[in-house]
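Notes for the one structure printed next.
Read the figures in this text as sums done on the coordinates, not as results from a lab. From a predicted model like this one, the values you see are computed outputs, not experimental measurements. Ideal geometry is used to build each Cβ from the backbone, glycine not excepted, and the neighbour counts take in all protein chains shown.
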Ligand code: FES
């Protein structure tokens, strides 16, 4: 199986590894077939993703795609980040072997979940604010 130079490079030197304390959104996903797990953390300010970090327990392609997705979402708006597909992540890495494409799906799902989580937290905090206002 042939990996692109870029995949190998991100696998050897993954960018943005770790957790964000007080993240604005967290996405946790797993692939039940291989058992690999990915966690993605995002920080959002004024509708822009200012920081992204990941922790992945998984294969080389899962690590390389997590690393790439954290690079791709930085400085993007929430709307732009929602458009990032697993194919875009794989393409940014110079492609993935066909049997490894499913690993990039994990990266897309982790990002979507982190964005969902961000929206949910925002909804809850504005609901709490409303209640406070109503309570006077
Ligand atoms: Fe599980 Fe790659 S083999 S994500």
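Some notes on this structure:
- Note on the range 5-129: Rg/Rh from Cα positions, Kirkwood definition for Rh, rounded to two decimals, is 0.98.
- Here the label points at residue 123 and residue 71, each 7 Å from Cα along the C-beta direction, are separated by 3.4 nm in the simple model.
- The range 1-57 shape via C-alpha gyration tensor axes, a/c threshold 1.5: oblate
- Cβ-based exposure ranking for 84, 48, in which fewest neighbours within 10 Å come first: 48, 84
- Where labels lie 7 Å past Cα in the beta-carbon direction, separation of residue 22 and residue 55 in nm: 1.9
- Label positions at residue 131 and residue 87, each projected 7 Å from the Cα along the C-beta direction, are separated by 4.4 nm.
- 222 nm mean residue ellipticity, helices alone, for the chain (DSSP H n ≥ 4; -39,500 (n - 2.57); rounded to 500): -16500 deg cm²/dmol
- Residues 106, 82, 133, 111, sorted so that the one with the fewest Cβ neighbours within 10 Å comes first: 133, 82, 106, 111
- Fully extended contour minus Cα-Cα distance, from residue 8 to residue 102, at 0.36 nm per residue: 32.1 nm
- Bridges between two residues of the chain, per DSSP, are antiparallel at a rate of about 95%.
- Ordered by the number of other Cβ atoms lying within 10 Å of each residue's own Cβ, fewest first, 6, 53, 132 fall into the sequence 132, 6, 53.
- Highest-fluctuation residue, 105, 33, 73 considered, GNM on the chain with Cα pairs under 10 Å: 33
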